[in-house]
1. Determine which member of the set A13, A22 is touching a strand residue (DSSP E or B) at 6+ places or on another chain (Cβ under 7 Å) and without any contact (Cβ under 8 Å) to a residue 60 or more places away in the chain.
2. Of everything in region 54-98, what is open to solvent by 30 Å² or more (accessible area, probe 1.4 Å) and in contact with a Lys or Arg (Cβ under 6 Å, 6 or more places away or on another chain)? Give them in sequence order.
3. Any residue at all in region 107-120 that is in a loop (DSSP other than H, G, I, E, B) and of a type in the set (F, W, Y)?
4. I'd like to check something: does region 27-34 contain any residue that is closer than 26 Å to T120 by Cβ and open to solvent by 40 Å² or more (accessible area, probe 1.4 Å)?
5. In this structure, does S70 turn out to be in contact (Cβ under 8 Å) with a residue 12 or more places away in the chain and under 20 Å from A22 (Cα atoms)?
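The values are calculated or read from the model by the stated rules, or taken from the named source; none is laboratory data. What you see is a predicted model, and the numbers here were worked out from it, not measured in a lab. Here Cβ is always computed from backbone atoms with ideal geometry, including for glycine, and neighbour counts include all displayed protein chains. We work out accessible area using only protein heavy atoms, side chains counted, and drop any ligands, DNA or RNA first. Shrake-Rupley method; radii C 1.70, N 1.55, O 1.52, S 1.80 Å.
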Amino acid sequence: VQLQASGGGLVQAGGSLRLSCATSGRTFSRYVMGWFRQAPGKEREFVATIIWGSGNTYLADSVKGRFTISRDNAKNTVYLQMNSLKPEDTAVYYCSARSGSHYYTRAHQYDYWGQGTLVTVSS
């Protein structure tokens, strides 16, 4: 299983970015995908998760109403659309995967990780 995250960058507060997580090496229809983030000096934090087969999603309270997670079956890619970005969203964002059909919100529950993409939100 390989996960390749991309789409990070520098954006002003209030702006938007879309992160992508390209997957390969497995059929992900029975997988759960997650996005986490880690700011300097802080622990890795749950952001969003999607059950690939059903498309059902769950987001952290801190990003509800601003972020959306989705997947494209044809492209085997998961997206994190981030709107109304705030300086406190600044972090390295990681995509993750594990088999299953439930929501998982803890980093240790995921088996596979991408390399991370840096998002910097300036005030």
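1. Values: A13 fails: without any contact (Cβ under 8 Å) to a residue 60 or more places away in the chain.
Of A13, A22, the one residue that is touching a strand residue (DSSP E or B) at 6+ places or on another chain (Cβ under 7 Å) and without any contact (Cβ under 8 Å) to a residue 60 or more places away in the chain is A22.
2. Scanning region 54-98 gives Q81, N83, S84.
3. Of the residues in region 107-120, the ones in a loop (DSSP other than H, G, I, E, B) are 110-111, 114-116.
Subsequent filtering for residues that are of a type in the set (F, W, Y) retains 110.
Yes: region 107-120 contains one or more residues that are in a loop (DSSP other than H, G, I, E, B) and of a type in the set (F, W, Y).
4. Going through region 27-34, the residues closer than 26 Å to T120 by Cβ turn out to be 33-34.
Then drop every residue that is not open to solvent by 40 Å² or more (accessible area, probe 1.4 Å), which leaves none.
No, region 27-34 contains no residue that is closer than 26 Å to T120 by Cβ and open to solvent by 40 Å² or more (accessible area, probe 1.4 Å).
5. On the way: in contact (Cβ under 8 Å) with a residue 12 or more places away in the chain: yes; under 20 Å from A22 (Cα atoms): yes.
Criteria met by S70.
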